[in-house]
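Here is the structure we will look at.
The values are calculated or read from the model by the stated rules, or taken from the named source; none is laboratory data. For clarity, every value in this text was computed on a predicted model and none was experimentally measured. All Cβ positions, glycine included, derive from the backbone under ideal geometry; neighbour counts span all protein chains shown. These area figures cover heavy atoms from the full protein model, side chains too; ligands, DNA and RNA do not enter into them. Shrake-Rupley method; radii C 1.70, N 1.55, O 1.52, S 1.80 Å.
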Amino acid sequence: QVQLVESGGGLVQAGGSLRLSCTAPGRTFSWYAMGWFRQAPGKEREFVAAISWSGDNTPYANSVKGRFTISRDNAKNTLYLQMNSLKPEDTAVYYCARGTASYPATTTTDYDYWGQGTQVTVSS
C-alpha cells in the first residue's frame with residue numbers, strides 16, 4: 001500500500017497563491033508519473049495537472065494552464081503544485097495520485113494510489 005500525503009491547502013483571496021505538496025514513501029516514487037486532481041462539492045473529480053517520471057512532460061487542464069505549475073523532486077519523493085492567480089472557481093479538495101505508468105495521464109482510471117486530499121478555498 002502506498003500512502004500519499006498532501007499538504008499546503010488553505011483559505012486564500014482571489015488573485016493569491018498557494019503551493020501544494022504531496023509526499024510519497026518508498027524508492028519507487030521516481031518510476032511513476034504523478035498527477036493532481038480536484039473535486040468541488042457536487043461535481044466529479046477532475047484532472048488538473050500531471051507530470052512524467054522525469055518531469056519533462058507536464059499536461060495541464062485548460063482551466064489552469066498558465067496559472068498552475070506542477071513539479072517534482074524525486075530525491076525528496078515530493079510532488080508540488082504551485083497555484084497562482086487563484087480564482088473562486090478553483091475552490092475544491094485537491095488530491096495527488098500516483099500513475100500506473102511513467103508517462104502522465106489525464107483520467108482517474110490511470111492512477112492507482114490517492115492521497116486523502118487537501119482543501120483549497122478561494123474567496124472573492
Next item on the list: Search the range 37-66 for residues being open to solvent by 30 Å² or more (accessible area, probe 1.4 Å), in a loop (DSSP other than H, G, I, E, B) and polar (S, T, N, Q), and hand back the single one that is farthest from residue 83 (Cα to Cα).
Entry: 54
Check: Mind checking which pairs have a first residue in the range 40-64 that is over 21 Å from residue 119 (Cβ atoms) and touching a residue at least 12 places away in the same chain (Cβ under 8 Å) and a second that is buried (at least 18 other Cβ atoms within 10 Å of the Cβ) and of a type in the set (Ser, Thr, Tyr), Cβ under 8 Å, 6 or more apart or different chains?
Finding: 53/32; 58/52
Notebook entry, point to check: Which residues, counting only those in the range 85-94, are open to solvent by less than 60 Å² (accessible area, probe 1.4 Å) and over 11 Å from the mean Cα position of the chain (by Cα)?
Noted result: 86, 88, 90, 91, 92
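Can you confirm whether residue 101 is among the aliphatic types (A, V, I, L, M), under 17 Å from residue 3 (Cα atoms), over 12 Å from the mean Cα position of the chain (by Cα) and modelled with pLDDT under 95? Please lay out each step first, then the result.
Numbers: among the aliphatic types (A, V, I, L, M): yes; under 17 Å from residue 3 (Cα atoms): no; over 12 Å from the mean Cα position of the chain (by Cα): yes; modelled with pLDDT under 95: yes.
It is false that residue 101 is among the aliphatic types (A, V, I, L, M), under 17 Å from residue 3 (Cα atoms), over 12 Å from the mean Cα position of the chain (by Cα) and modelled with pLDDT under 95.
Might you check whether a residue that is of a type in the set (Val, Ile, Thr) and within 21 Å of residue 111 (Cα to Cα) occurs anywhere in the range 6-20? Full working, then the answer.
Going through the range 6-20, the residues of a type in the set (Val, Ile, Thr) turn out to be 12.
Cutting the leftovers down to within 21 Å of residue 111 (Cα to Cα) gives us none.
No: zero hits.
Find the residue count for the range 67-120, including only residues that are in a strand (DSSP E or B), under 18 Å from residue 55 (Cα atoms) and among the hydroxyl-bearing types (Ser, Thr, Tyr). I'd like the intermediate steps shown before the answer.
Applying the first criterion (in a strand (DSSP E or B)) to the range 67-120 yields 68-73, 78-83, 92-99, 111-114, 118-120.
Of the ones still in play, those that are also under 18 Å from residue 55 (Cα atoms) are 68-73, 78-83, 96-99, 111.
Those left that are additionally among the hydroxyl-bearing types (Ser, Thr, Tyr): 69, 71, 78, 80, 111.
Within the range 67-120, residues that are in a strand (DSSP E or B), under 18 Å from residue 55 (Cα atoms) and among the hydroxyl-bearing types (Ser, Thr, Tyr) number 5.
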